[in-house]
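The structure under discussion appears below in the form of structure tokens.
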Amino acid sequence: MTLDNNNNPAENTENSVTETETHQEIIEKSWYRCESYGLSHGTQPDFGDIREGEVSALVDRHQNLVHTTENEVLPYYENILSNSSCLIVLADNTGHVLNTWGASRFRGRGHHGLVPGHQWQEMGVGTNAIGTALATGQPVQVSRDEHFLRANRYMVGAASPIYDTQKEMIGVLDISSDAYLPQDHTLGMVKLMSLSVENQLIYAAFQQDHYVLTFSTNISGLDSHWAGMLVLDDRGIVVSANRRAWVLLAHDLALMNIENIFGCSFRELSQQPPNVPLTLRVFERYRMWVRVQPPLAPPLKIPDFRVQEQTVAAQPTMQPDRSSARAADIPPDVVPFDRLEHGDKQVRLILTQARKIIEKDIPILIRGETGAGKEILVRSLHYHSSRKRSTLVAVNCASIPTELVESELFGYEKGAFTGASAKGSIGLIRRAHGGTLFLDEIGEMPLHVQARLLRVLQERVVVPLGSSETFPVDIRLVSATNRDLKAEVDQGQFREDLYYRISGLNIELPALRNRADKGRLIHYVYERLQAESGEPLPMSQTVHDLLLRHPWPGNMRQLVNVLKIAHAMADGQQLQPDDLPADFYDDMTRRSAGPVSAATPTAAPAVDTTDDLATTILNLYTQTGGNVSRTARLAGVSRNTVYKYVRRQRD
């Protein structure tokens, strides 16, 4: 749960109880509340008035909670589900039942009321596990005779609240039965299950981009749901923690530096082998086992900043970053919107149009070469829109095997087809509910899948494979392609009706080589890479000139890779032509019929551009003392080309 400086995880309702209250005191206070609501022991339960059609909408609003409970937690507790007299119930923070699992015999009692849509608050149903857990914010077990209403005294229930990453109660998990259940065992089990749900919610929210540190008093406890969990940003600051962390550390963890907790710098922890346990001393008093999990797919974590002193003599002066005041509001891997262009009028017009459209229910279709920055643009659009707190789901339609596209996009019920996961799948479109769905390379989508996608976009509902149930979706659609989709429509390779459904605003993103702001853009990308590495290295004028003249067939993606390699090869020195990868020069050679002569550093052999290619290479080879790599770089060719002409001369 995300940390702040004031809250404690248990302090989420007006009726929060202290841990010093006994079980009897909790029940007595609940009965007192029931009497104040005007209930008597003979009152019949009132489960609220929710129409059948509203149940699906209720469940859909809590789809993430339901999915996490059913698919990420319950499979580990099959022994409970196998107990035919036991029913597992998930309710939201208003007491409405969202789903139930197990208990074929218990479920047969039509009057128990534990069905989706029914509300189990104390005000209508009296003292009960779900309602009392909601009222107190604590786990609680209610035995048969402890129910305030006689109508509920045939069952026993144990329930524990579930808190989200914002430390707000979002639901209750309950185990109920019409048979005897051991109190300690059942209450402990439901507490563990609720912690499991909370841990999975934390993982889902943070593990992609943050370090997750788990700790326990013994090494075997690291794999249990009782382990403490801390989420760290890239500075080692605690930004989130589970409830067990609060209990085990007994400190206010809000924005605390990890070094103050374990006496070990974040740099040391981040360099530990992934998931390898180690022991550290907590607050310089006692030792705990600790395990660090790095981000699953760490993005290009480059903070935005104002431009410092220029390292290239001829580089034009850049203006301060106009978005710096808003940089803290977006993830570090997202380029601030007004830093996507640096003087190119065409790109500026594109950005103006896209920003006006992104808040409206109008799809966007981006066309451009591979690597031109389509996903960079979409990520920036999403995080500068009102949907930034919801999910951005990016789908590369070309990377999904044809036979799996349908199931990956729309999801499927368990057992829907041979090889399907026993848990089923929610699908990528439903994962984007409330956020942005980015379909990259949409021209690669099979025709039969295009028909299903068209229905989703028209009706705004998804029907998973193997199911007849519909799930409403609220998505903002952005598509991208490097194909001419109109030509594809004419050839029957792309549905015409789908084309006009996805092409609300058509954007043509220019290739890097055609951008008027190429020089400034290259410099901006390099500055971000320097910030990421924490090692600022100047770039020689020669390298800068080479970068400007390069054709960049791989566009922005190639530029980033070339600069990363050059930065690594420079070994802390100024970037020189020798630091650029060989295939960088291959691209320049293929573009021109002859050699590409760069401005050469002082003391480098001169390139006589009046000679033919063979003569130039042989002269440079002699002048460099037979250094093949340097000859290739100075001549603007690959090493294989040098070898070819040298062998020819020798033969």
(message) Please verify whether Ser425 is hydroxyl-bearing (Ser, Thr, Tyr), open to solvent by 20 Å² or more (accessible area, probe 1.4 Å) and more than 25 Å from the chain's Cα centre (by Cα), treating the condition exactly as stated.
(response) no
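Yes/no per residue for (1) out of contact with any Phe, Trp or Tyr (no Cβ under 8 Å at 6 or more places or on another chain); (2) open to solvent by less than 50 Å² (accessible area, probe 1.4 Å); (3) assigned to a loop (DSSP other than H, G, I, E, B); (4) not hydrophobic (A, V, I, L, M, F, W, C):
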{"position": "Lys486", "(1), (2), (3), (4)": "no, no, no, yes"}
{"position": "Tyr499", "(1), (2), (3), (4)": "yes, yes, no, yes"}
{"position": "Ile522", "(1), (2), (3), (4)": "yes, yes, no, no"}
{"position": "Tyr526", "(1), (2), (3), (4)": "yes, yes, no, yes"}
{"position": "Asp545", "(1), (2), (3), (4)": "yes, yes, no, yes"}
{"position": "Pro553", "(1), (2), (3), (4)": "yes, no, yes, yes"}
(request) Name every residue in the range 170-224 that is part of a loop (DSSP other than H, G, I, E, B), more than 24 Å from Asp234 (Cβ to Cβ) and not β-branched (Val, Ile, Thr), in order of residue number. (result) Asp178, Ala179, Tyr180, Leu181, Pro182, Asn218, Ser224
(request) Return yes when Ala451 is open to solvent by 20 Å² or more (accessible area, probe 1.4 Å), over 30 Å from Arg339 (Cβ atoms), of a type in the set (A, V, I, L, M) and in a helix (DSSP H, G or I) and no when it is not. (result) yes
(message) Just to check your reading of the model, which residue among Leu114, Leu90, Leu65 is modelled with pLDDT of 85 or more, surrounded by 19 or more Cβ atoms within 10 Å (Cβ to Cβ) and part of a strand (DSSP E or B)?
(response) Leu90
(request) Go through the range 32-53 and give me each residue that's surrounded by fewer than 17 Cβ atoms within 10 Å (Cβ to Cβ) and either of a type in the set (A, V, I, L, M, F, W, C) or in a helix (DSSP H, G or I) (or both). (result) Tyr32, Glu35, Ser36, Ile50, Glu52, Gly53
(request) Enumerate the pairs (first residue in the range 215-228 and over 18 Å from Arg281 (Cβ atoms) and of a type outside the set (Val, Ile, Thr); second residue anywhere and modelled with pLDDT of 85 or more and open to solvent by 70 Å² or more (accessible area, probe 1.4 Å)) with beta-carbon separation below 9 Å, excluding pairs fewer than 6 apart on the same chain, so at least 6 apart or on different chains. (result) Ser220/Trp289
(message) Exactly one of these conditions fails for Pro510: (1) open to solvent by 40 Å² or more (accessible area, probe 1.4 Å); (2) assigned to a loop (DSSP other than H, G, I, E, B). Give me its number.
(response) (1)
(request) Inspect the range 219-237 for any residue being among the hydroxyl-bearing types (Ser, Thr, Tyr) and modelled with pLDDT of 85 or more and give the result as yes or no. (result) no
(request) Would you mind stating whether Arg557 is closer than 21 Å to Thr370 by Cβ, surrounded by 19 or more Cβ atoms within 10 Å (Cβ to Cβ) and among the charged types (D, E, K, R)? (result) no
(message) Residues to consider are Ala566, Ala516, Ala480; find the one that is touching an Asp or Glu at 6+ places or on another chain (Cβ under 6 Å) and part of a strand (DSSP E or B).
(response) Ala480
(request) Specify the residue that is most open to solvent (accessible area, probe 1.4 Å); the eligible residues are those in the range 93-111 that are at pLDDT below 80 and within 19 Å of Asp46 (Cβ to Cβ). (result) His111
(message) So Ala250 ticks every box in (1) farther than 19 Å from Trp289 by Cβ; (2) of a type in the set (A, V, I, L, M); (3) out of contact with any strand residue (DSSP E or B) (no Cβ under 9 Å at 6 or more places or on another chain) but one. Which box is left unticked?
(response) (1)
(request) Looking only at the range 198-220, count how many residues are more than 26 Å from Gln63 (Cα to Cα) and either open to solvent by less than 10 Å² (accessible area, probe 1.4 Å) or among the charged types (D, E, K, R) (or both). (result) 3
(message) Condition check: under 25 Å from Leu447 (Cα atoms) and modelled with pLDDT under 85. Does Ile364 satisfy that?
(response) no
(message) Suppose we keep only residues that are farther than 22 Å from Thr352 by Cβ, touching a helix residue (DSSP H, G or I) at 6+ places or on another chain (Cβ under 7 Å) and among the small types (Gly, Ala, Ser) within the range 364-412. Which one would you say is surrounded by the fewest Cβ atoms within 10 Å (Cβ to Cβ)?
(response) Ala398
(message) Would you confirm, using the coordinates I've provided, whether Glu359 is open to solvent by 10 Å² or more (accessible area, probe 1.4 Å) and outside any loop (DSSP other than H, G, I, E, B)?
(response) no
(request) Please specify each residue of the range 25-77 satisfying the condition of being within 15 Å of Thr132 (Cα to Cα) and polar (S, T, N, Q). (result) Ser30, Ser36
(request) For the range 133-179, enumerate the residues that are closer than 20 Å to Gln24 by Cβ and among the hydroxyl-bearing types (Ser, Thr, Tyr). (result) Thr136, Ser143, Ser160
(message) Return the pair list, or none, for Cβ contacts closer than 6 Å from residues in the range 616-645 that are farther than 13 Å from Leu580 by Cα and free of Cβ contacts under 8 Å to residues at least 40 places away in the same chain to residues that are open to solvent by 20 Å² or more (accessible area, probe 1.4 Å) and of a type in the set (Ser, Thr, Tyr), at least 6 apart or on different chains.
(response) Ile617/Tyr645; Thr631/Tyr621; Thr631/Thr624
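Here's the yes/no breakdown for (1) open to solvent by less than 20 Å² (accessible area, probe 1.4 Å); (2) of a type in the set (Asp, Glu):
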site: Pro139; (1), (2): no, no
site: Ser143; (1), (2): no, no
site: Pro161; (1), (2): yes, no
site: Asp164; (1), (2): no, yes
site: Glu168; (1), (2): no, yes
site: Val172; (1), (2): yes, no
site: Met193; (1), (2): yes, no
(request) Six or more apart or on different chains, Cβ under 7 Å: which pairs go from a residue in the range 24-41 that's touching a residue at least 12 places away in the same chain (Cβ under 8 Å) to one that's open to solvent by 70 Å² or more (accessible area, probe 1.4 Å) and part of a helix (DSSP H, G or I)? Could you list them? (result) Tyr37/Met123; His41/Arg150
(message) Of the conditions (1) in a helix (DSSP H, G or I); (2) modelled with pLDDT of 50 or more; (3) farther than 24 Å from Leu537 by Cβ, Ala325 satisfies every one except a single condition; which number is it?
(response) (2)
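The values are calculated or read from the model by the stated rules, or taken from the named source; none is laboratory data. From a predicted model like this one, the values you see are computed outputs, not experimental measurements. Positions of Cβ are generated from backbone atoms using ideal geometry, with glycine treated the same way; all protein chains shown enter the neighbour counts. Please note that ligands, DNA and RNA were not included when accessible areas were found on the heavy atoms of the full protein model with its side chains. Shrake-Rupley method; radii C 1.70, N 1.55, O 1.52, S 1.80 Å.
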